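S.K.: Quick one: structure below, then a few questions.
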Amino acid sequence: MTKEIYHPPKSMSATELWKHPDKLQLLDEIVKLQGFSGPTDIPRLSYLALLTGMRDNPVSMVIKGPSGAGKSYGFNKGKQFVPQKAYEQFEGMSEKALIYLKGLSLKNKHLIIGEAAGMAEGNGRTLLRQLLSEGSVRYATVQSTSDGLEGRELPQLEGPTGLIITTTAPNLHPEDASRMLQVTMVESSEQTLAALLSQAMGKNRLKIEIDLSSWHEMYDVMVNEQKEVSVPYAEAIAHKLPRSHHRIKRDFEHLLSLIDVHALLHQTSRQIDDDGRVVASKDDYATVYELLNEPLSEGLDASVPDGIRIVVEGVSEIQKTPRKSTTVSQAELAKHLKRDQGVVSRNVKSAIAAGYLKNENPGQGRTAALSKGEVELPSEKVLPTPDELFIEEEKSAT
């Protein structure tokens, strides 16, 4: 069988990369060259989130989806563009491991935990929350000495630190969720087909190595020569955000942090103000809007993941057909949607928890009898579109 040869993009020095006008588009091209299929939102957002670790307000993020959906794969495709010094990675940890690990530095880094189930519980979860919110952790313990028990303060764990985790759980503890961007994996049949085709093509593709050292050098330049960033339209965004959820204040910080690093990343093509600050442009907002609007909408219950919307709409479609029963079983729903029952079951549980569906026959071991819930599917979006935002900005400027 003839193998198709894939050539990497033109090799770039760190200087050439630094001047590239759209580095996320270049990232998109590279990860697709490596075999990534479908939209590259997660690799691009992961990369930007990791860049915020060098700033005062790192972005924390959780990537949710069923087992095998490609959560870690998508994140790792973005992670490869930053050097290892940008993060500390663990698959799991015991309750208080962070504060006992000698020599561990999380200042201006991200802490990556492979699965939310592997996160510390109890006091350990509280310590993580404090590290994310307060930027440091002080912890006192008791030790046995020859004179009896004595209190001892452990070395202070310094931040600022961001946290990135993946999980198969449909929901996190509210105190954790409110501190993190929530990104849900696409679960469509089209995305599954794209992944299968990518795997099939990979069998006939020559392996190639792509040198990302110039990206790592660029990261070092950004860290060592950091500039302040001005976001002149920040107040205009604030006026357009919903005020019904307290967590919008944290989400707004995440939004501004991502705009900040995107402008910093493209500073060679941005204006510099009289104070030497990089001025964030419409392009910076437009890119972050594209990546963040859906996750923010889901986090504020202004939108729902496609998987949940599909099962709720599927129940409505079945109920409209001529049939004896007024309720729908999960097996019937899975057949109607032509989807795996495990995936359907997961989304049905989330839909029931949110009130979009209800089970008329609850109980372990019983066949579910699904019907429409009391809560209607939302369809709002949280962020103003770039055109909405900048039309008003242009009007006020004139």
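S.K.: Here is the link list: Lys349/Lys372; Lys64/Lys240; Lys23/Lys227; Lys32/Lys79; Lys358/Lys381. Which ones come out longer than 21 Å on Cα distance?
M.R.: Working: Lys349/Lys372 13 Å; Lys64/Lys240 28 Å; Lys23/Lys227 18 Å; Lys32/Lys79 15 Å; Lys358/Lys381 25 Å.
Pairs exceeding 21 Å: Lys64/Lys240; Lys358/Lys381.
S.K.: Roughly how many percent of the accessible protein surface of region 23-82 is carbon and sulfur, given a 1.4 Å probe and a whole-percent answer?
M.R.: Heavy-atom surface of region 23-82 belonging to carbon and sulfur, 1.4 Å probe: 44 percent.
S.K.: How big is the accessible area of Lys79 in square angstrom, nearest 10, if you roll a 1.4 angstrom probe over the protein chains?
M.R.: Probe radius 1.4 Å; accessible area of Lys79 about 30 Å².
S.K.: Just the ratio, please: alpha-carbon radius of gyration of region 13-138 over 2.2 N^0.38 Å, N its number of residues. If you can, show how the numbers build up before the last one.
M.R.: On the way: Rg = 16.1 Å, N = 126, 2.2 N^0.38 = 13.8 Å.
Here the answer is 1.16, to two decimals.
S.K.: Counting heavy atoms of the protein chains only and a 1.4 Å probe, report the per residue accessible area for region 221-372 as a whole number of Å².
M.R.: Details: 7820 Å² over 152 residues.
Roughly 51 Å² per residue, with all protein chains present.
S.K.: Hey, another quick one. So for Val62, Val375, what's the accessible-area order with a 1.4 Å probe, most first?
M.R.: Numbers: Val62 0, Val375 65 Å².
Reading off the accessible areas and sorting them downward yields Val375, Val62.
S.K.: Given the C-alpha atoms of region 227-375, compute the convex hull and give its volume per residue in Å³.
M.R.: Numbers: hull volume 23.3 nm³, N = 149.
It is 156 Å³ per residue.
S.K.: Suppose a student asked you for the relative contact order of region 227-378, using Cα pairs under 8 Å spaced at least 6 residues apart; what percent would you report?
M.R.: Working: 170 pairs, mean separation 28.2, N = 152.
Relative CO of region 227-378 lands at 19 percent.
S.K.: Counting only the backbone N, which residues of region 329-359 are under 13 Å from the spot 7 Å out from the Cα of Glu317 toward its beta-carbon?
M.R.: Residues passing the 13 Å test: 333-339.
S.K.: Tell me, what is the 1.4 Å probe accessible area of Glu158, in Å² to the nearest 10?
M.R.: Per-residue accessible area (Glu158): approximately 90 Å².
S.K.: Measure off, as a whole percent, the carbon and sulfur share of the 1.4 Å-probe accessible area of region 276-333, all protein chains present.
M.R.: Values: 1220 of 2450 Å².
So the carbon and sulfur contribution to the accessible surface is 50 percent.
S.K.: So for Val311, Val343, what's the accessible-area order with a 1.4 Å probe, most first?
M.R.: Details: Val311 5, Val343 35 Å².
Listed by decreasing accessible area, they come as Val343, Val311.
The values are calculated or read from the model by the stated rules, or taken from the named source; none is laboratory data. A quick note: this is a predicted structure, and the numbers were derived from the prediction, not measured. In this analysis, Cβ positions are derived from the backbone assuming ideal geometry, glycine residues included, and neighbour counts consider all displayed protein chains. Only protein heavy atoms, including side chains, enter the accessible area calculation; ligands, DNA and RNA are left aside. Shrake-Rupley method; radii C 1.70, N 1.55, O 1.52, S 1.80 Å.
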